[in-house]
1. What three numbers, in Å, describe the spread of the alpha carbons of the chain along their principal axes, ordered from the longest?
2. Taking the 0 to 90 degree range and rounding to the nearest ten, how far is the long axis of helix 56-75 tilted relative to the main principal axis of the chain, both from C-alpha atoms?
3. Any idea of the accessible area per residue across the chain, 1.4 Å probe, to the nearest Å²?
4. Determine the distance separating the Cα centre of the range 55-97 from the Cα centre of the range 167-245; give it in Å without decimals.
5. How far apart, in nm, are two points set 7 Å out from the Cα along the Cα-to-Cβ line at residue 152 and at residue 40?
6. Return the long-range amide H neighbours of residue 146 (sequence gap of 5 or more, or a different chain), with a cut-off of under 5 Å between placed amide H atoms.
7. Hey, what angle do you get for helix 159-180 against the long axis of the chain, alpha-carbon based, 0 to 90 degrees rounded to 10?
8. Rounded, prolate or oblate for the range 86-172? Axes are the square roots of the Cα gyration tensor eigenvalues, ordered a ≥ b ≥ c, and the cut-off for rounded is a/c under 1.5.
Amino acid sequence: MTARIIGPNSFGKRKLPVRSLDKPRGSDVHLWHLDLRHLSNPLHAGTPADSDELSVVQQRTTRRFYLRLLLGAYLGLPGKDVHITRRNRGRPELDPGQSNGALNFSVARSSGCYLIGVNSGATIGVDMEMAIRRPGKPMALARRYFSQQEIAALSVLDETELNRAFMHTWACKEAIVKASGVGIANQLCRFSVDVNPDNPPSVLDMPDDDPAAWQLAIAEPVPGAIAAIAVRQKSIRLKGFSLSK
């Protein structure tokens, strides 16, 4: 069965060091959750990777260290030898000379959590939000960024349902925009997703593309987190992993 929604118990534990990983096959998406509060900073032994003692640059360097470590395990390379480039709009991707276009990734972070999505042969985007986050004026934000179809669906919800549906919708839309690699500006309103978090996540309308070509999945790597994964492929099956020292 295709897994499109997985919870915390579905994330298998993997301990450091990680030296060899099998690449995702077919519709598989490997979703890695890293709690940086419980992983050591490789540049400062004994210091948590998201410690306030570290500068923004040092924290970014640490995230890239773990990203390269995992990608290197898929490629059969030491992490230090993994080359990551950026498209014009800032989307990170593997050097084509190393991956031959057969390995793609996307990252997201929120509240000390770092999420890495990896798949083969299709563009991917991931986003992560905390469910307890309360947007100040969700309908005002929706009217500014979302499609008319989504605004109409959100407008009939009560406050509790609205906050939950808004965060779900935001995460799904961010994941799609990340996967498309076109940047967020003026893009969130150009397509529609199902705003109901109790339904299987789906793209309802996309004027510039076939909505059926896209697949969405939702994960809860830790209680209270909403992770959305978007891929442009026929189906999606999530496999969750949690990295620990």
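The values are calculated or read from the model by the stated rules, or taken from the named source; none is laboratory data. Computed from a predicted structure; not experimentally measured. Cβ sites come from the backbone with ideal geometry, for glycine too, and all protein chains shown count toward neighbours. For accessibility, only protein heavy atoms count, side chains too; no ligands or nucleic acids. Shrake-Rupley method; radii C 1.70, N 1.55, O 1.52, S 1.80 Å.
1. Cα extents, longest axis first: 51, 38, 37 Å.
2. Roughly 80 degrees between the two axes.
3. For the chain, the solvent-accessible area averages 50 Å² per residue.
4. A separation of 22 Å, based on Cα centres.
5. Placing both labels 7 Å beyond Cα along the Cβ direction yields 5.7 nm.
6. none
7. Taking the Cα atoms of the chain, the angle to 159-180 is about 60 degrees.
8. Numbers: a/c = 3.01, a/b = 2.24, b/c = 1.35.
Prolate.
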